[in-house]
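The values are calculated or read from the model by the stated rules, or taken from the named source; none is laboratory data. Fair warning: this is a prediction, and the values are worked out from it, not measured in the lab. Cβ sites come from the backbone with ideal geometry, for glycine too, and all protein chains shown count toward neighbours.
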Ligand SMILES: [Zn+2]
């Protein structure tokens, strides 16, 4: 392998390290974003639960008030029952009293049901609040991990970028343009090694895309220090002597 391909391989080696760091940072950034979204969803669910609870509480208070007013009405009807003078009046008050008692009993049953539902809603909300606390903590954790990784990688990334700049200076303009384009397309893997697939036959593949390559391509790559690309994937080919 001549100095031109050697230079490209060195550039790729640096590029792959940069890509790897960027990938690790991107993974942590995605984790932060996903956790943020999870928390947003949880906040919305909690808000709607709080609203439901408020409405249920208002209904409960109304039923309580209704029950109180009916109870005092029943008390007044009982007093009246003691002071009526005629049988007809007695029967009318008694009938009103019985109706009011039946209504009050229905409201009481409903109020008890509402109370049970309200308790359930309250405990569910308390549970959700605990979950929220945990998820808030988790967001802080993944954010801290991201910040830590950024800090840890900053120096290394700066050093690699400097190395990359120096390595790129050794490569001619057209090869560099091709390298950058391929690197973007293949996450830094701009080059592919030619492999002989049979020890005795002249059969070769590109190890970037595993398509077969002609013996001429392999030979050109081995004997001239030129940029030869794979017909299929377009990567810059290189081959080790004696392979
Ligand atoms: Zn290929």
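Take the conditions in the same structural domain as residue 35 (by TED's automatic domain parsing), at pLDDT 95 or above and under 25 Å from residue 1 (Cα atoms) and apply them to residue 185. Does it pass? No: the conditions fail for residue 185. Residues of the range 151-169 that are exposed (fewer than 11 other Cβ atoms within 10 Å of the Cβ) and either over 27 Å from the mean Cα position of the chain (by Cα) or touching a residue at least 24 places away in the same chain (Cβ under 8 Å) (or both): 155, 158, 165, 169.
Tell me, which residue of the range 186-243 that is at positive phi and near the ligand (Cβ under 10 Å from one of its atoms) is surrounded by the most Cβ atoms within 10 Å (Cβ to Cβ)? Break it down stepwise before answering.
Filtering the range 186-243 down to residues at positive phi leaves 187-188, 210, 234, 242.
If we keep only those that are near the ligand (Cβ under 10 Å from one of its atoms) as well, we get 210, 234.
Values: 210: 12, 234: 17.
Among those that are at positive phi and near the ligand (Cβ under 10 Å from one of its atoms), it is 234.
If you scan the range 117-150, which residues turn out to be more than 24 Å from residue 39 (Cβ to Cβ) and without any contact (Cβ under 8 Å) to a residue 24 or more places away in the chain? Once the filter is applied, which keeps residues that are more than 24 Å from residue 39 (Cβ to Cβ) and without any contact (Cβ under 8 Å) to a residue 24 or more places away in the chain, the range 117-150 yields 119, 120.
What number goes with the only condition from (1) free of Cβ contacts under 8 Å to residues at least 24 places away in the same chain; (2) under 25 Å from the mean Cα position of the chain (by Cα) that residue 109 does not pass? All conditions pass for residue 109, except number (2).
Is it the case, given these coordinates, that residue 176 is away from the ligand (no atom under 13 Å from the Cβ) and under 20 Å from residue 20 (Cβ atoms)? Don't jump to the end; show me each part of the working.
Details: away from the ligand (no atom under 13 Å from the Cβ): yes; under 20 Å from residue 20 (Cβ atoms): no.
The answer is no for residue 176.
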